[in-house]
Amino acid sequence: MSKHAKTANGLVKGLLNSSRVFVLGTALLAGSMTMLSTTHAQAEKILRVGNDGEPQSMDPHYISTVQTSRISDDMFLGLLTYGPNGEPVPGAAESWTVSDDGMTYTFKIRDHNWSDGVPVTAQDFIAGWNRLLDPSTGAEYASLLYIIEGAEAVNSGKEGAKIAATALDDKTLQVKLTAPAPYFLAQLTHQTAFPIPQHAVAKFGKDWVKPENIVVNGPYKLTEWLPNVHTKLEKNPEFYDAANVPIDEVIYYTHEDRTAMQNRFRAGELDVARDIASEQISWLRDNLADSLRIVPYAGIYYYAIRTDKDMFRDARVRKALSMAINREAITDSVLKTGELPAYSFVPPGTGNYGEPAYISWKDLPYNEKLEEAKKLLAEAGYGPDNPLKFTLRYNTSENHKRIAIAVQNMWKQIGVQAELFNTEGKIHYADLKVGNFEVARAGWIADYNDAQNFLFLGEERTGPLNYAAFDNPRFNELMLEAEKEGDLKKRAELMKQAEAIMMEAQPYVPIYYYVSKQLVSPKIEGWIDNAPDRHLTRWLDIKE
């Protein structure tokens, strides 16, 4: 079989006629009447988004939260990008071919520029990947590129190591993988695979992403970032498809307080609220039904248990804590917005995986789970005379607080004393990455539709994103075997065995599978509900 071309799908983009305002005016100059004149001014379209968290950085190599990637996705263009439906579509690459063994990809870079007019080249992608993988960069997401041959060796600091990515010419990029990866093309939409403007990084160093220095290749460019207030982006006139980008400016307002964000939406100060306060769901359904969007979402809400803490080294303790959580009560009585109780770490329906590896005690009645949890704690040395005590941390959100209080009360039923501790999101996740916690709330949204993107969080080599510091040799071995397996069925089976090990050990306690919950004004056009919950501003418009 010859090489099979995978050419860019044509994106249907209707030419949007801009409205014009015609102004007739007269003026008196030196006592004389001037000529009547007609001027044309185009009405500026501004999208105002309530973002449920403060951005971490404008540098793609220091991003790990959904709230930050929403902004990054508006500014940068990977080889592939997210289309209107959240699906991977051609981005900086206009076409590509794949070798018969599925391990060599050759991309044709479209003719487009950075925002300062400098052409984007294949070398810019290689430079970006090398920077991400350089150990001195300290990029926590670097392991996502390990599927590229040589990437792990580079990231581990091995002398002489190089990634198997070659610029055949300025517009042709060839990449070799360690094994066939059905998720690779989708992975290229992620910020880890973005190019960097080498000339700007060389000139400004880490300051290249400041508003006055930043250079981008996407539809929007950063003009202002006021921490904990807002981030402003303006349309990039150098974007290759700028003529078909209707919205001129997008402002992301930081709102960890969901109720305050909803109030601003109701007052007409926001066009989109990227999360809701679940306790108000009944009112929202009754009064804002035309704006409320609740959609299945590829993600898991979980509690991470720091396995290197003395009290949590014993898997029986972790299992007892998990068994005592009544997931159905949380989804049905606390949240009430369609979330599903989670008994696996990989959400059902994840691509190329089939049924996930559920917790073995999933179908036990809740009262039996409580009794078993008490027995496990007793076996581990905990009881009325020696109660298990620790701190449960969560980041600012009414929903996280309500869930934490509910879980705290559930744990009381088995004699566990959990003290609640809250910080704002940026601090919370910074502490998780360095292990400064005992038990903590976390969430993971798929970067690409594959079970590996969930399970890699349990691999020892994943580093700071392995919040629990889970290190099971057999789990690690199975994940490496799966990475090298080209047969999708065998690959899925290997990962399922790995997930079963994780679910038995419970370093991560799954609580529920996400749904996306947001408010979108009826005047916003082009918003298409999708499981990845990706809604790039370039695809949207605002009705006059």
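The values are calculated or read from the model by the stated rules, or taken from the named source; none is laboratory data. All figures in this text were calculated on a predicted structure; none of them were measured in a lab. Note that each Cβ is placed from the backbone with ideal geometry, even for glycine, and that neighbours are counted across all protein chains shown. What goes into the accessible areas is simple: the full protein's heavy atoms, side chains included, and nothing from ligands, DNA or RNA. Shrake-Rupley method; radii C 1.70, N 1.55, O 1.52, S 1.80 Å.
With respect to THR97, is the statement that it is of a type in the set (Val, Ile, Thr) and outside any helix (DSSP H, G or I) true? Full working, then the answer.
Working: of a type in the set (Val, Ile, Thr): yes; outside any helix (DSSP H, G or I): yes.
Criteria met by THR97.
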Test: residue in region 310-328 that is surrounded by 18 or more Cβ atoms within 10 Å (Cβ to Cβ), more than 26 Å from the chain's Cα centre (by Cα), charged (D, E, K, R) and at pLDDT 95 or above: yes
Which pairs turn up if I take residues in region 294-322 that are without any contact (Cβ under 8 Å) to a residue 40 or more places away in the chain and look for partners that are open to solvent by less than 40 Å² (accessible area, probe 1.4 Å) with beta carbon separation below 9 Å, at least 6 apart in sequence or on another chain? ARG313/THR307
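Where in region 176-285 are there strands (runs of 3 or more DSSP E), lying wholly inside it, with at least 1 residues that are crowded, with 22+ Cβ neighbours inside 10 Å and in contact with a Gly (Cβ under 9 Å, 6 or more places away or on another chain)? Lay out the reasoning, then the answer.
Details: elements: 220-226, 230-235, 249-254.
Ranges flagged: 249-254.
When you check GLU379 against the structure, is it farther than 30 Å from ASP52 by Cα, in contact (Cβ under 8 Å) with a residue 24 or more places away in the chain, open to solvent by 60 Å² or more (accessible area, probe 1.4 Å) and touching a Leu at 6+ places or on another chain (Cβ under 8 Å), yes or no? Please lay out each step first, then the result.
Working: farther than 30 Å from ASP52 by Cα: yes; in contact (Cβ under 8 Å) with a residue 24 or more places away in the chain: yes; open to solvent by 60 Å² or more (accessible area, probe 1.4 Å): yes; touching a Leu at 6+ places or on another chain (Cβ under 8 Å): no.
Judged against the criteria, GLU379 is not a match.
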Would region 512-523 turn up any residue that is over 19 Å from the mean Cα position of the chain (by Cα) and in a helix (DSSP H, G or I)? no
Sole exception among (1) buried (at least 20 other Cβ atoms within 10 Å of the Cβ); (2) under 30 Å from THR254 (Cα atoms); (3) β-branched (Val, Ile, Thr) for VAL120, by number: (2)
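Considering each of ASP363, ASP385, ASP332 in turn, give the residue that is open to solvent by 70 Å² or more (accessible area, probe 1.4 Å), free of Cβ contacts under 8 Å to residues at least 12 places away in the same chain and closer than 30 Å to TRP283 by Cβ.
Working: ASP363 fails: closer than 30 Å to TRP283 by Cβ; ASP385 fails: closer than 30 Å to TRP283 by Cβ.
Of ASP363, ASP385, ASP332, the one residue that is open to solvent by 70 Å² or more (accessible area, probe 1.4 Å), free of Cβ contacts under 8 Å to residues at least 12 places away in the same chain and closer than 30 Å to TRP283 by Cβ is ASP332.
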Run down THR137, THR172 and say which single residue is among the β-branched types (Val, Ile, Thr), out of contact with any Gly (no Cβ under 8 Å at 6 or more places or on another chain), touching a residue at least 60 places away in the same chain (Cβ under 8 Å) and farther than 20 Å from THR104 by Cβ. THR137
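Being without any contact (Cβ under 8 Å) to a residue 24 or more places away in the chain and either open to solvent by less than 50 Å² (accessible area, probe 1.4 Å) or touching a helix residue (DSSP H, G or I) at 6+ places or on another chain (Cβ under 9 Å) (or both) is the requirement here; does GLY128 meet it?
Values: without any contact (Cβ under 8 Å) to a residue 24 or more places away in the chain: no; either open to solvent by less than 50 Å² (accessible area, probe 1.4 Å) or touching a helix residue (DSSP H, G or I) at 6+ places or on another chain (Cβ under 9 Å) (or both): yes.
Spelling it out, it is not the case that GLY128 is without any contact (Cβ under 8 Å) to a residue 24 or more places away in the chain and either open to solvent by less than 50 Å² (accessible area, probe 1.4 Å) or touching a helix residue (DSSP H, G or I) at 6+ places or on another chain (Cβ under 9 Å) (or both).
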State which residue is farthest from ALA186 (Cα to Cα) when the search covers only region 495-519 and only residues that are surrounded by fewer than 22 Cβ atoms within 10 Å (Cβ to Cβ) and of a type in the set (A, V, I, L, M, F, W, C). ALA505
Any hit, region 449-466, residues being of a type in the set (A, V, I, L, M), open to solvent by 10 Å² or more (accessible area, probe 1.4 Å) and part of a loop (DSSP other than H, G, I, E, B): no
Taking the condition of being out of contact with any Leu (no Cβ under 9 Å at 6 or more places or on another chain) and either of a type in the set (A, V, I, L, M, F, W, C) or within 13 Å of ARG318 (Cα to Cα) (or both), how many residues in region 291-301 meet it? 4
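Quick check, is ILE148 at pLDDT 95 or above, among the β-branched types (Val, Ile, Thr) and closer than 21 Å to ILE71 by Cα? Quick ask: steps written out before the conclusion?
Values: at pLDDT 95 or above: yes; among the β-branched types (Val, Ile, Thr): yes; closer than 21 Å to ILE71 by Cα: no.
Answer is no for this residue.
Any idea how many residues of region 329-347 are closer than 26 Å to THR307 by Cα and either touching a Pro at 6+ places or on another chain (Cβ under 8 Å) or among the acidic types (Asp, Glu) (or both)? Before you say what the answer is, go through the steps one by one.
Of region 329-347, the ones closer than 26 Å to THR307 by Cα are 330, 341-347.
Those left that are additionally either touching a Pro at 6+ places or on another chain (Cβ under 8 Å) or among the acidic types (Asp, Glu) (or both): 330, 342-347.
Adding up the residues that qualify gives 7.
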In region 48-101, residue nearest to ASP529 (Cα to Cα) [restricted to those that are hydrophobic (A, V, I, L, M, F, W, C) and open to solvent by 20 Å² or more (accessible area, probe 1.4 Å)]: VAL66
Based on what the data block shows, is GLY160 in a loop (DSSP other than H, G, I, E, B) and crowded, with 20+ Cβ neighbours inside 10 Å? no
All but one of (1) open to solvent by 10 Å² or more (accessible area, probe 1.4 Å); (2) among the small types (Gly, Ala, Ser); (3) assigned to a helix (DSSP H, G or I); (4) in contact with a Leu (Cβ under 8 Å, 6 or more places away or on another chain) hold for GLY415; which doesn't? (3)
Would you check which residues across region 406-438 are closer than 27 Å to ASP533 by Cβ and in contact with a helix residue (DSSP H, G or I) (Cβ under 9 Å, 6 or more places away or on another chain) and list them? ALA406, VAL407, ASN422, THR423, GLY425, LEU432, LYS433, PHE437
Can you tell me which residues in region 117-157 are farther than 12 Å from PHE194 by Cβ and among the charged types (D, E, K, R)? ASP134, GLU140, GLU149, GLU152
Given the conditions (1) modelled with pLDDT of 95 or more; (2) buried (at least 21 other Cβ atoms within 10 Å of the Cβ); (3) within 19 Å of GLY349 (Cα to Cα), every one holds for GLY443 apart from (2)
Which numbered condition trips up TYR302, out of (1) under 19 Å from PHE437 (Cβ atoms); (2) surrounded by fewer than 22 Cβ atoms within 10 Å (Cβ to Cβ)? (2)
Could you tell me which residue of region 303-329 is nearest to GLN280 (Cα to Cα), considering only residues that are part of a helix (DSSP H, G or I) and of a type in the set (Gly, Ala, Ser)? ALA329
